[in-house]
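One structure below.
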Amino acid sequence: MKRFQRNVDGFYDVENQLPRYLREIAEDQFEQARAERREIDSQQAATEHRKRVKSDFIDAIGGLPEERCNLNAQRTGRLIRDGYEIEMVLFESLPGFHVSANIYLPQSDVAGGSNKYPGVLFFCGHSDLGKGSHLYQQVCIDLVRNGFVVLAIDPLGQGERHQFYDPKTGEIPRRNTTEHTYFNQQCAFAGGNVARYMIWDGIRALDYLTNRPEVDSERVGVTGNSGGGLQTAYLMLVDDRIDAAVPCCFITSKEEYMKTGQGQDGEQILYRAIDRGPRYDDFLSAFAPKPVLVGAAQSDFLCVEGAHRSYERARSVYGHYGRQEAIDITIADDTHGFSPHLREGAVNWFREHLQDRAPDFQTGSPRTQDPEDLWCTAAGEVRAEFHDETTATDLIRSYISTRTPDTGSTSEITDIDRYTDEMRKTVVKQFDLNRHRPTLYPRHYDKETVDGVTWEKVFFRSECDPTVIVTGIEARVEDEDVDTPLVLLYEHGTDEVEARESEIKDLVTEHGFVLAFDPRGVGAVRARDVNTPLMNGGNYDDYHGTKDKLTSDAIMLGTSLVALQVFDLTRACDYLRDRFGTDANLAIEGHGSMAAHTLLTAVTTPSLRTVSLVNPLPSFRELAITREMDIDHGLTIHGIIGRFDIPQLLPALHDREIRCTGAGSSN
């Protein structure tokens, strides 16, 4: 049987249905957000909104570490420059988890007679050089020459903090934002986000900065660009010690973001961020009435329209404090980056609000150091310097064991029927499987019989308003009894049917009827490419590719691609019951990553009596604690570990026939 051609052989335009579905769900949530903003009509309302936003944010990232360890700070080097010096510093944000940093110190009294200087924490964007990036050095140099003590730290996965650095070979197979996104999926499985570690690095960096004898802890600013703008905004929300802030090339709006089709990095994908927030303007308005300058670029891939929109929304909140002058926006006629215009704007903002000096500084072209000159370690990698270095993998493993200590097994079950019912209810609620189920209206065509097996294509509605069409290829033996109709799931759906024709014939012999099925986003109903490597993207299955982008949107909407696909699978079961009777016993078989969908569907569908897993992946817990895995962006499910992971699902299928073959079958 030949596979479907584009757009279900011309019957239905399905290539845009998944992006459109997510956009329409988002529009409903955007309208709810607009209604919430209209209710912020006083200082008290703004204060209450800030509390809720902060609480939701902390929940989305999985909380923050509760105990501050000893920083064990050490200076490993020093450079003397014209009017300032740079110290190379290492400190531990968590036990054995080293942060490499440069602290820029004024040498002369350029701040007007004070013995202490204002401090500025500088967050690096997504340059693999981290604090060694020449653009970021120039910001720090301009600030220190204007009388600020500046602490620039390497983010996780950048500079000297590559978590996948191999001390034996010197190889770094994964770095920077791909490392962030890799770790974020592992954190998401446990109900967290990799940002929790980045934020904690920032909090501990402030601890170090404000305790330096040269720094006035009552005058503290924070700035950064791109990923550093993100860290700036996040810290503005969680740390009250910050007195002024300049987030650059980060603030836009979720509405504009959804239109671009662009992917984002793991730390940007906050669970339910579109649904409940925090949204971009929330980071600004929650900082009121303290001074914040939004830095943006006219030709940024982060839409400047969104920057203006979020600024105006936050400015209205500042108005309730009578402090609209404390928030401003500056737009560089440039592309994404900490341009001279933004650098000058940041320095002048801090001059005005932390030094009470005129904002009349004009930047030049500060001479920078070779990145190696700023290393805090001999080899430029903390994992080479400290052979027992704690890694992000170690932290995630510890987090999982603390947060859900029994995730690898199921505790003793005293009432299996009650357990089964509760597990079904958990998945149904988490995946919203009780939502409206429209009439299927199946269409059949391209029927052919080859070697006694009849093949036929089918498609039907899974949802409407917005419409979702799903597809399948049926195989059966005419005029023979059907034993247990089978829903068959391949990772690439019906695109694999031609290559697996012999295998499917064997399944027809066993079951009498096979439906090779495509849930949304798979096979014949795979989404079009919404992003490409040409613009901050990747190929379909890659980091920043289409699957990553659509999954990320689903997470921010409070769902997941898996949840949407499991709903489609329950609709496939509806179709089989309509065809073979409501009392029919059904079977389901999932291959590879689709084995997880298979188990989740079976738990919610009692009529699935036979459940087959072929080459299944290990449990989500195992994926979360392993150091090396082949990341499948489409599998991200927030908070699955310990709640409805494979070890929790299997006991709820105690009365079914479970077959498992191939990799991961021991799980």
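Quick note: the coordinates plus some simple rules give every number you see, no bench work behind them. Keep in mind that this is a model prediction, so the values were computed, not measured. Methodologically, a virtual Cβ is constructed for each residue, glycine included, from the backbone with ideal geometry; neighbour enumeration extends over all protein chains shown.
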For an R0 of 22 angstrom, estimate the FRET efficiency from the Cβ-Cβ distance between residue 45 and residue 325 and round to the nearest 0.05. 0.55
With Cα coordinates, the longest principal axis of the chain makes an angle with the long axis of helix 340-354, in degrees rounded to 10, of 60 degrees
Taking the 0 to 90 degree range and rounding to the nearest ten, how far is the long axis of helix 134-145 tilted relative to the main principal axis of the chain, both from C-alpha atoms? 30 degrees
Over the Cα atoms of the chain, how large are the radius of gyration and the largest Cα-Cα distance (Dmax), in Å? 27.4, 97
Among 371, 386, 398 the positive-end extreme of the charge dipole of the range 348-419 (Cβ point charges): 371
Could you tell me the convex hull volume per residue, in Å³, taken over the Cα atoms of the range 87-210? 112 Å³
Please work out the FRET efficiency for the pair residue 240 and residue 388, using the Cβ-Cβ distance as r and a Förster radius of 25 Å; give the result to the nearest 0.05. 0.10
Hey, if you put +1 on the Cβ of every Lys and Arg and -1 on every Asp and Glu Cβ in the range 56-402, which of 165, 220, 117 ends up farthest toward the positive end of that dipole? 220
Would you list the P(r) distribution for the range 256-300, with all Cα-Cα distances sorted into 10 Å bins from 0 and each bin expressed as a whole %? 19, 48, 31, 2
Let me know the shape class of the range 45-112, please: from the alpha-carbon gyration tensor, a ≥ b ≥ c as square roots of the eigenvalues, rounded when a/c is under 1.5, otherwise prolate if a/b is greater than b/c, or oblate. oblate
Of the cross-linked pairs 54/259; 2/447; 51/259, which ones have a Cα-Cα span greater than 19 Å in the structure shown? 54/259; 51/259
List the trypsin sites (Lys or Arg not before Pro) in the range 312-393 that DSSP assigns to loop (not H, G, I, E or B) and whose Cβ has at most 11 other Cβ atoms within 10 Å. Which are they? 367
Normalised alpha carbon radius of gyration of the range 399-471 [divisor 2.2 N^0.38 Å]: 1.86
Please work out whether the range 586-667 counts as rounded, prolate or oblate from its C-alpha gyration tensor, where a ≥ b ≥ c are the square roots of the eigenvalues and a/c under 1.5 means rounded, while otherwise a/b larger than b/c means prolate and anything else oblate? prolate
For the range 56-402, fraction of C-alpha pairs farther apart than 27 Å, in %: 41 percent
Which of the trypsin sites (Lys or Arg not before Pro) found in the range 393-489 are in a DSSP loop and have at most 11 neighbouring Cβ atoms, other than their own, within 10 Å? 435
What Kirkwood hydrodynamic radius do you get for the range 180-242 when you take the inverse of the mean 1/r over all pairs of distinct Cα atoms, in Å? 12.8 Å
The chain - mean residue ellipticity at 222 nm from DSSP helices (-39,500 (n - 2.57) per run, n ≥ 4, rounded to 500): -11000 deg cm²/dmol
How many angstrom separate the Cα center of the range 402-479 from the Cα center of the range 501-518? 17 Å
Range in the chain, longest, excluding exposed GluC sites (Glu not before Pro) [loop by DSSP; at most 12 other beta-carbon atoms within 10 Å]: 172-411
Any trypsin sites (Lys or Arg not before Pro) in the range 11-86 that lie in a DSSP loop and have at most 16 other Cβ atoms within 10 Å would be 68
